[in-house]
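So the structure is just underneath, and the comments pick up after that.
The values are calculated or read from the model by the stated rules, or taken from the named source; none is laboratory data. Treat the numbers as computed from the prediction; the structure is a model and nothing was measured. Cβ placement follows ideal geometry from the backbone for every residue including glycine, while neighbour counts extend to all protein chains displayed. Just so you know, the surface numbers come from the protein's heavy atoms only, side chains and all, with ligands and any DNA or RNA stripped out. Shrake-Rupley method; radii C 1.70, N 1.55, O 1.52, S 1.80 Å.
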Amino acid sequence: MSISSGTKINQLLAATAPTGLIFSDWMKKNGYSVQLQKRYRDTGWLTTLCKGVMYRTGSHLNAFDALASYNYQQDKRLRIGAVSALEYTGFNHYVPMGKPLLMVSLPKGEKMPLWMKSDAYDMTFRTFSTTAFTDLDVNKHDTESGTLYVSSPELAFLECLALAPKQYSYLDLYYIMEQLTTLRSEVLQRLLENTSNNRVKRMFLYMAEKAGHYWFEELDTNKVDMGTGKLQLVKNGVFSKKYSITVPKELNDYEG
């Protein structure tokens, strides 16, 4: 995606995806002055999305391409996570009403970039931050726009639990858990041992055992520190003595 030959505008078009973003400071680093950028806007080649961010005039912006171009041009590693990562991997449980969400993990304390707040994309960006996971498992996918970083299915489901019950209901997440027949026990073991959120660890193990997946039997739960004391995840739920958590009654009673 380097800029190397042809006229300046042709170089730019060759170096960027038609449905992604173009960042002004990246253009300047590659020899496109502020004056030249203005000329491209004035002549209709580029349209301003927000301060410092442009796209090809008339393009239908793709959220994946926008994120990948941001990572590439701004040297970032923002990651698709939670349910969005599971959907990207092929676990399609949710049928969204209207425009789908794209969940993106931000470093703690970092605000959502202004360009994500636009409604010009085919998906709506929603960001989250958590410090619960000190050991990540992330897949890289190279695209025409740059690199997409995507939480592995193992990490993605733990992220879902970290966001529940505010973002996702526990019962809906259990429906997803039933599909996760191919998770890697060695990756789960590492993630669980290095996750600080006891609520996430206990609920994950409760769901995995309830679902009866073969990989659950391969986990050494004795090495997973789940803390002490009872945790009330929901009000008016059912207490699981084994994991010392209160789970939703509908989840406790559900038989798949």
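Looking at this structure, is Thr130 touching a residue at least 24 places away in the same chain (Cβ under 8 Å) and either surrounded by 12 or more Cβ atoms within 10 Å (Cβ to Cβ) or more than 18 Å from Thr16 (Cβ to Cβ) (or both)? Quick ask: steps written out before the conclusion?
Working: touching a residue at least 24 places away in the same chain (Cβ under 8 Å): yes; either surrounded by 12 or more Cβ atoms within 10 Å (Cβ to Cβ) or more than 18 Å from Thr16 (Cβ to Cβ) (or both): yes.
When the stated conditions are applied, Thr130 passes them.
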query = Is it fair to say Tyr72 is aromatic (Phe, Trp, Tyr) and either at pLDDT below 95 or part of a helix (DSSP H, G or I) (or both)?
reply = yes
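Filter segment 221-252 down to the residues that are assigned to a loop (DSSP other than H, G, I, E, B) and of a type in the set (Gly, Ala, Ser), then identify the one that is nearest to Met203 (Cα to Cα). Give the derivation first.
So the first thing to find is which residues in segment 221-252 are assigned to a loop (DSSP other than H, G, I, E, B), and the list is 224-230, 233-237, 241-244, 248.
Still in the list and also of a type in the set (Gly, Ala, Ser): 227, 229, 237, 244.
Values: Gly227: 13, Gly229: 14, Gly237: 13, Ser244: 10 Å.
The extreme case among them is Ser244.
Taking the conditions exactly as written (open to solvent by less than 20 Å² (accessible area, probe 1.4 Å), closer than 12 Å to Trp115 by Cβ and at pLDDT 95 or above), does Ser84 satisfy them or not? Give the steps one after another, and end with the answer.
Numbers: open to solvent by less than 20 Å² (accessible area, probe 1.4 Å): yes; closer than 12 Å to Trp115 by Cβ: no; at pLDDT 95 or above: yes.
Judged against the criteria, Ser84 is not a match.
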query = Looking only at segment 123-139, which residues are part of a loop (DSSP other than H, G, I, E, B) and touching a strand residue (DSSP E or B) at 6+ places or on another chain (Cβ under 6 Å)?
reply = Met123, Ala132
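Just give me the residues in segment 16-55 being in a helix (DSSP H, G or I) and surrounded by fewer than 19 Cβ atoms within 10 Å (Cβ to Cβ), in sequence order. Even if it seems obvious, please write down each step before you answer.
Taking segment 16-55 as the starting set, the residues that turn out to be in a helix (DSSP H, G or I) are 24-29, 34-42.
Once the filter is applied, which keeps residues that are in a helix (DSSP H, G or I) and surrounded by fewer than 19 Cβ atoms within 10 Å (Cβ to Cβ), segment 16-55 yields Ser24, Asp25, Lys28, Lys29, Val34, Gln35, Leu36, Lys38, Arg39, Arg41, Asp42.
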query = Quick one: how many residues across segment 220-256 are modelled with pLDDT under 95, β-branched (Val, Ile, Thr) and surrounded by 17 or more Cβ atoms within 10 Å (Cβ to Cβ)?
reply = 1
request  = Considering only segment 149-167, state which residues are open to solvent by 10 Å² or more (accessible area, probe 1.4 Å) and under 17 Å from Val224 (Cβ atoms).
outcome  = Ala162
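Determine, yes or no, whether Met207 is in a helix (DSSP H, G or I) and under 18 Å from Gln232 (Cβ atoms).
So Met207 passes the test.
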task = Report whether or not Lys210 is of a type in the set (D, E, K, R), touching a residue at least 12 places away in the same chain (Cβ under 8 Å) and closer than 24 Å to Glu87 by Cβ.
result = yes
message = With the requirement that a residue be part of a strand (DSSP E or B) and more than 23 Å from the chain's Cα centre (by Cα), what does segment 56-69 give you?
response = Arg56
inquiry  = Return the residues of segment 168-204 that are buried (at least 16 other Cβ atoms within 10 Å of the Cβ), outside any helix (DSSP H, G or I) and not aromatic (Phe, Trp, Tyr); say none if nothing qualifies.
reply    = Leu180, Leu183, Thr195, Asn197
query = Mind checking whether some residue in segment 153-160 is part of a loop (DSSP other than H, G, I, E, B) and in contact (Cβ under 8 Å) with a residue 24 or more places away in the chain?
reply = no
